[in-house]
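Structure below; questions to follow.
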Amino acid sequence: MANLKEIRNRITSVSSTMQITSAMKMVSAAKLKKAQDAITAMRPYAEKLTELLQNLSATLEGEVGGDYTTQREVKKVLLVAITSNRGLCGAFNSNVIKEIKNRTDFYAGKQVDVFAIGKKGNDVLSKTHKVHGHHNAIFDHLTFENVAGIADNLTEKFLSGEYDRIELIYNQFKNAATQIVQTEQFLPLAPIKSDVAVSAGDYIFEPSKEEIVLTLIPKSLKTQLYKGIRDSFASEHGARMTAMHKATDNATELRNQLKLTYNKARQAAITNEILEIVGGAEALNG
């Protein structure tokens with residue numbers, strides 16, 4: 001059994017760790033509230049924009065998406081990995097990295113490159129994949145304008161023929177304890193499938209419906225990427241809050257076990273001292 005000094009040192013160390021994890025949990029909880037409000041407020045807009053685009057496209061004949069809908073033979077694929085800049089968030093980053101590897105296996109025999117958003121993904125994937133660009137500072141100033149520049153860059157890579165398909169892989173925020181890994185096709189635009197008949201309605205469009213659709217597509221792509229990064233940002237804080245909560249609980253349990261061990265060892269030491277005193281007194285009297 002470890003001596004009393006060693007156990008006291010371990011209790012002090014575990015208590016310090018518990019204070020750190022508890023503080024990190026509270027910080028993540030505060031950041032999560034703001035990030036959750038942002039993604040919750042944005043989703044209706046993103047869904048309505050997609051619905052509007054689908055309704056307009058469904059009333060048009062022929063190809064209306066132009067180069068954005070061009071279906072080419074898939075030879076070169078770009079996977080956009082959205083991770084975090086920091087760790088201590090459970091399986092948040094490893095789940096995205098694992099899905100990147102699964103998609104790489106799915107496209108076996110084709111050129112698969114990675115575009116990393118987040119330091120953790122860039123650090124790991126750069127060892128196994130060709131990372132064709134990365135953005136680590138986006139989370140410091142997460143605004144639509146900053147994300148729009150990244151979306152334009154990705155769109156240009158597709159329109160120029162540098163890549164035949166671009167996919168987004170990120171954690172979708174469900175709640176603080178649950179994050180769902182999503183794989184979304186960014187480009188080319190997937191064909192619109194709807195079982196509901198769409199009516200053009202008695203509207204006068206200015207400019208034409210074709211021009212409106214072609215204007216909405218870049219806007220929709222920027223919104224899609226922004227929503228994915230916002231989802232990932234909220235998921236990161238939820239995952240970190242959950243991980244730090246579990247770490248705090250584990251540290252508390254370990255500290256209680258160490259205190260029990262310390263008390264038992266201290267009691268045994270006191271008992272031994274009493275026995276030695278009694279034995280010495282009996283020896284003197286005998």
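The values are calculated or read from the model by the stated rules, or taken from the named source; none is laboratory data. These numbers come from a predicted model, not from an experiment. Quick reminder, even Gly has a Cβ in these numbers, built from the backbone with ideal geometry, and neighbours come from all protein chains shown. When the accessible area is computed, the model is the full protein with side chains, heavy atoms only, and any ligands, DNA or RNA have been set aside. Shrake-Rupley method; radii C 1.70, N 1.55, O 1.52, S 1.80 Å.
If you put +1 on each Lys and Arg Cβ and -1 on each Asp and Glu Cβ, how big is the dipole of the chain around its Cα centre, in Debye rounded to 20?
Details: 36 positive and 32 negative charges, 270 e Å.
In debye, rounded to 20, the chain gives about 1300.
Go through segment 261-266 residue by residue and turn each phi into a ³J(HN,Hα) via Karplus (6.51, -1.76, 1.60, θ = phi - 60°); whole Hz please, and just put x for glycine and proline.
The phi angles translate into 5, 5, 5, 5, 5, 5 Hz.
Measure up 101/174; 98/120; 157/222 against 19 Å on the Cα-Cα distance and list the ones that go over.
Over 19 Å Cα-Cα: 101/174.
How big is the chain in terms of Cα radius of gyration and Dmax, in angstroms?
Considering the chain through its Cα atoms, Rg and Dmax are 28.7, 117 Å.
For residue 157, what charge total do you get from the other residues with a beta carbon under 12 Å from its beta carbon, if Lys and Arg give +1 and Asp and Glu give -1?
Cβ neighbours under 12 Å give a net charge of -3.
Here is a follow-up. How would 134, 141, 237 rank on accessible area, largest to smallest, probe 1.4 Å? Don't skip to the answer; put the middle values down first.
On the way: 134 95, 141 125, 237 5 Å².
Final ranking, largest accessible area leading: 141, 134, 237.
Using only Cα atoms, find the angle between the long axis of helix 144-159 and the longest principal axis of the chain, and express it within 0 to 90 degrees, rounded to the nearest 10.
Computed tilt is about 60 degrees.
Rank these residues by their accessible area, most exposed first, probe 1.4 Å: 10, 103. Write out the running numbers ahead of the final one.
Numbers: 10 125, 103 45 Å².
Of 10, 103, the descending order of accessible area is 10, 103.
Could you order 206, 167 by accessible surface area, starting with the largest, using a probe radius of 1.4 Å?
206, 167
With all protein chains present, calculate the accessible area of residue 241 using a 1.4 Å probe and round the result to the nearest 10 Å².
Approximately 40 Å² for this residue.
Quick check for me: using +1 on Lys/Arg Cβ and -1 on Asp/Glu Cβ, what's the dipole size of segment 1-54 about its Cα centre, in debye to the nearest 20? The partial results should precede the final answer.
On the way: 9 positive and 4 negative charges, 66 e Å.
Around 320 debye, computed over segment 1-54.
Let me cross-check residue 164: its accessible surface, 1.4 Å probe, with only protein heavy atoms counted, in Å² to the nearest 10?
Estimated to the nearest 10 Å², residue 164 gives 10 Å².
Further question: Running a GNM on the chain with Cα contacts under 10 Å, which residue among 117, 20, 166 ends up with the highest mean-square fluctuation?
In this elastic network of the chain, the residue with the biggest mean-square fluctuation among 117, 20, 166 is 20.
Roll a 1.4 angstrom probe over the protein heavy atoms and tell me the percent of accessible area of the chain that is carbon or sulfur.
That share works out to 53 percent.
Based only on the alpha carbon positions, what is the Kirkwood hydrodynamic radius of segment 1-130, in angstrom?
Its Kirkwood hydrodynamic radius stands at 19.8 Å.
How much accessible area per residue does the chain have, counting only protein heavy atoms and a probe of 1.4 Å, in square angstrom?
Working: 16190 Å² over 286 residues.
Result: 57 Å² per residue.
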